[in-house]
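Engineer: Before anything else, here's the structure in question.
Throughout, read-outs are computed from the coordinates displayed, never taken from laboratory work. Treat the numbers as computed from the prediction; the structure is a model and nothing was measured. Here the Cβ is made from the backbone with ideal geometry for all residues, glycine too, and neighbour counts use every protein chain on show.
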């Protein structure tokens with residue numbers, strides 16, 4: 001965990017980072033990170049669904065020193081975890097994406113860099129972390145191709161295309177706050193001026209939503225995914241899958257992994273919790289590609305739950321933004337170290353020598 005000399009004292013659980021972050025962030029930035037779409041039904045469902053997953057531990061397994069290592073689409077990792085793609089991290093801390101990427105490197109887990117990072121992909125990759133590049137599909141196909149070339153040129157180990165944002169979900173907290181990016185936070189991977197709309201605050205309007213509406217392509221199709229598969233030499237992941245039929249079609253297109261995600265409850269508010277549909281997706285792809293879980297993960301026990309439901313790993317999002325806000329790189333390192341300790345304890349308590357064996361555990365829904 002973080003050295004006390006860094007001036008950051010970590011809390012006892014990942015969930016406790018939320019209060020630390022809220023205490024230091026402007027109210028509108030907190031709402032931007034914490035909020036969901038609509039009435040935030042999907043946001044609440046993610047947590048409720050994971051809490052309903054009970055895992056049947058195996059006894060007398062003789063496990064006292066489990067391995068937490070796992071194989072993810074981009075290679076081996078110290079945990080079955082990747083840092084989820086999250087935009088504009090300099091909103092949370094001046095050091096932004098490089099600080100969180102450096103923490104991921106220290107934890108030996110992949111860091112997924114967003115198209116809407118507030119630091120260029122080249123600077124993020126220079127931290128030495130294992131970096132995956134998250135792609136939003138833009139109206140400008142030439143810019144999409146340029147981003148892919150830059151990501152591969154920077155040494156990114158995988159590409160993750162997000163498919164559930166044809167338009168930005170109606171995030172009412174941001175609209176009420178008239179949320180806009182401050183001048184020092186930019187979409188650093190886009191050409192100069194392409195994010196001007198995100199800085200133009202208007203009462204009752206989310207400037208971020210206006211910006212994404214102008215630059216995102218709403219008509220992303222399976223033909224585009226096939227183009228991307230042919231264009232991309234590194235492993236390809238598709239994030240935002242909920243219907244098993246889409247998971248099968250993605251596997252047919254040759255993707256290396258699907259990420260079961262409702263975008264943290266920030267897109268379709270009527271979407272199901274990611275954990276609720278995870279077993280159906282796992283069964284549908286039938287080991288033809290890896291399956292990762294995103295949305296709602298808050299600690300090592302949740303990682304165990306995801307594995308027991310059939311996932312190969314998880315993406316961890318908001319808790320790491322909270323930790324970044326609370327303590328910069330030291331906070332993020334503390335959060336990832338705490339997650340590793342929680343997962344190790346969960347593996348011992350469930351009688352599993354490693355994450356692969358946790359996928360053979362049985363579950364009960366509802367306790």
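Engineer: Subtracting the Cα-Cα distance from 0.36 nm times the residue separation, let me have the gained length for residue 176 to residue 217 in nm, one decimal.
Structural biologist: Gain on extension, residue 176 to residue 217, equals 12.2 nm.
Engineer: Right, here's the next one. In whole angstrom, and with the biggest value first, how far do the Cα coordinates of the chain range along each principal axis?
Structural biologist: Projected onto the principal axes, the Cα atoms of the chain cover 61, 50, 40 Å.
Engineer: Right, here's the next one. Which distance in Å, rounded to a whole number, links the C-alpha centroids of the stretch 63-134 and the stretch 314-337?
Structural biologist: So the separation of the two Cα centres works out to 11 Å.
Engineer: How much FRET efficiency would the formula 1/(1 + (r/R0)^6) give for residue 363 and residue 140, where r is the Cβ-Cβ distance and R0 is 30 Å, rounded to 0.05?
Structural biologist: The pair residue 363/residue 140 has a calculated efficiency of 0.10.
Engineer: If you don't mind, another one. With contacts defined as alpha carbon pairs under 8 Å and 6 or more residues apart, what's the relative contact order of the chain in percent?
Structural biologist: Taking the mean separation of contacting Cα pairs over the length of the chain, I get 28 percent.
Engineer: Looking at the stretch 179-298 only, what percent of DSSP beta bridges run antiparallel? Nearest 5 please.
Structural biologist: Around 10 percent antiparallel, to the nearest 5.
Engineer: Please compute the volume of the convex hull spanned by the alpha-carbon atoms of the stretch 19-78 and report it per residue in Å³.
Structural biologist: Dividing the Cα hull volume of the stretch 19-78 by its residues yields 208 Å³.
Engineer: Next question. Considering Cα pairs under 8 angstrom that are at least six residues apart, work out the relative contact order of the stretch 251-367 and quote it in whole percent.
Structural biologist: Taking the mean separation of contacting Cα pairs over the length of the stretch 251-367, I get 23 percent.
Engineer: Please sort 213-220, 41-48 by packing, taking for each peptide the average over its residues of neighbouring beta carbons within 10 angstrom, highest first.
Structural biologist: 41-48, 213-220
Engineer: Where the Cα atoms of the stretch 151-209 are projected onto their three principal axes, how long is each span, largest first, in whole Å?
Structural biologist: 41, 26, 14
Engineer: Shape call for the stretch 259-306 from the C-alpha gyration tensor, a ≥ b ≥ c root eigenvalues: rounded (a/c under 1.5), prolate (a/b greater than b/c) or oblate?
Structural biologist: Because a/c hits 1.5 or more and a/b fails to exceed b/c, the stretch 259-306 counts as oblate.
Engineer: Taking a ≥ b ≥ c as the square roots of the eigenvalues of the Cα gyration tensor of the stretch 1-108, is the shape rounded (a/c under 1.5), prolate (a/b larger than b/c) or oblate? Let's see the in-between values first.
Structural biologist: On the way: a/c = 1.74, a/b = 1.27, b/c = 1.37.
It is oblate, given that a/c is not under 1.5 and a/b is not larger than b/c.
Engineer: Still on this structure, please answer the following. Given bins 10 angstrom wide, list per bin the percent of all Cα-Cα distances in the stretch 134-272, short to long.
Structural biologist: Spelled out per bin, shortest first, that is 11, 37, 36, 15, 1.
Engineer: Also, I was wondering about something else. Of the listed peptides 175-186, 259-270, what is their order by residue-averaged count of other C-beta atoms within 10 Å, with the highest listed first?
Structural biologist: In descending order of packing, they fall as 259-270, 175-186.
Engineer: Separation between the residue 71 and residue 41 pseudo-spin-labels, each 7 Å from Cα along Cα→Cβ, expressed in nm?
Structural biologist: Here the modelled spin labels are 4.1 nm apart.
Engineer: With the chain treated as a Gaussian network of Cα nodes joined by springs under 10 Å, which of 188, 326, 158 yields the largest mean-square fluctuation?
Structural biologist: 188
Engineer: A follow-up question, please. Of all beta bridges DSSP finds with both residues in the stretch 228-367, what is the antiparallel percent, to the nearest 5?
Structural biologist: 0 percent
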